[in-house]
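Peer 1: Please see the structure below; I have some questions.
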Amino acid sequence: MKNNNDKDRELLDNLDRILEGHGEEVKEPSDEDTRSATEFARKMASMREKPTDEFAENLKADLIHRLAEQENKQESGDHELLFWGIPRRKLWQGTLAALITFIIIAIIFIIILILD
Amino acid sequence: MADRQVNMDSVQGTVPDTVSLAEEFGRLYEIYLPKIYQYARYRVAGKEAAEDLTSDIFNKALDGFRRFDPGKAAFSTWIFSIARNTIIDYYRKHAKESKLIKDTEPEYSLSPDSPEEKLSRSEEIAGLRECILKLNDNEQELISLKFSGGITNREIARVTGLSESNVGTILCRAIRKLRDDFSGWYYEK
């Protein structure tokens, strides 16, 4: 006589075969409870529903549109990039800051020279 | 099997550019749309709600697809985790609504021979859905994941955080419960 664990194991094996599309390979269950549960699982698997073609096509179109939007966003972000991945704006800001610093140092240097 | 194919392909690495990202996502969409739709159909009453949830799930999947790491999880585990969380959010937002709204919309997407057969089939499907929605949350979750995704008990364990043996035990109990409940529903009819 099989215990509950064995019965469960048998039912789960049968279920996997049915869901993998190998329902014909299901072994004849050894007890009535497992047999009727297996048959019910087979019935349930046959009652699975599919989305309508219209829904599938509309959702696909939405996703493609969304993907294109993401791509555009990413591209506009890429255009801001200069060499070595430095953003153009940051590069300008850095250059300007360096230039101002250089001018200030030059002025100080000239003033010191004049005072001497 | 499709799932295995996806896993094998996904292991090739992260998606390098938009063209291959679109191609890869498009391929996975074709495979997983029926599974995710079926999952949503099991979990909520109403075809429109199931369609809205399916859209949400795929939009979230698309947003996160660049970050999806096939080395960490199979695509099926990843997308069913998104699906599960989306359903949890849905019920959080619709907490006051009953799960057991009768779903009487006939399913004309099925194609048995006669209109009578079509009607009785759609009644059976509605009855089954009613029985599923009467299961407790765990049972409902596992039945939906198993029958819609056809995923392994190990993957279900990863998605739900339960142990693999627990998944097996709950699944068997839920199938037996559904069998009894459904035959009761059938005789009432």
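Peer 1: I need every pair where a residue in the range A:29-54 that is more than 10 Å from every other protein chain (Cβ to nearest Cβ) has its Cβ under 9 Å from the Cβ of a residue that is assigned to a helix (DSSP H, G or I) and among the polar types (S, T, N, Q), sequence separation at least 6 or different chains.
Peer 2: Short answer, once both residue conditions are applied: A:29/A:14; A:29/A:36; A:29/A:38; A:42/A:14.
Peer 1: Which of (1) within 13 Å of chain A (Cβ to nearest Cβ); (2) without any contact (Cβ under 8 Å) to a residue 60 or more places away in the chain; (3) more than 17 Å from the chain's Cα centre (by Cα) is the odd one out, the single condition residue B:127 does not satisfy?
Peer 2: Status for residue B:127: all satisfied but (2).
Peer 1: Condition check: more than 24 Å from residue A:45 (Cβ to Cβ) and modelled with pLDDT under 90. Does residue B:117 satisfy that? Outline the logic, then answer.
Peer 2: On the way: more than 24 Å from residue A:45 (Cβ to Cβ): no; modelled with pLDDT under 90: yes.
For residue B:117, the condition - more than 24 Å from residue A:45 (Cβ to Cβ) and modelled with pLDDT under 90 - is not met.
Peer 1: Separate question: Is it the case that residue B:150 is within 11 Å of chain A (Cβ to nearest Cβ) and under 27 Å from residue B:75 (Cα atoms)?
Peer 2: Numbers: within 11 Å of chain A (Cβ to nearest Cβ): yes; under 27 Å from residue B:75 (Cα atoms): yes.
So residue B:150 passes the test.
Peer 1: Give the range B:140-189 a look and list any residue that's in contact with a helix residue (DSSP H, G or I) (Cβ under 9 Å, 6 or more places away or on another chain) and among the aromatic types (Phe, Trp, Tyr), or say none.
Peer 2: The answer is B:147, B:182, B:185, B:186.
Peer 1: Residues A:92, A:84: which one is surrounded by 11 or more Cβ atoms within 10 Å (Cβ to Cβ) and either at pLDDT 90 or above or in a helix (DSSP H, G or I) (or both)? Don't jump to the end; show me each part of the working.
Peer 2: On the way: A:84 fails: surrounded by 11 or more Cβ atoms within 10 Å (Cβ to Cβ).
A:92 is the lone residue from the list that is surrounded by 11 or more Cβ atoms within 10 Å (Cβ to Cβ) and either at pLDDT 90 or above or in a helix (DSSP H, G or I) (or both).
The values are calculated or read from the model by the stated rules, or taken from the named source; none is laboratory data. Quantities reported herein were computed from a predicted structural model and do not represent experimental measurements. Glycine gets a Cβ as well: all are built from the backbone with ideal geometry, and neighbour counts include every protein chain shown.
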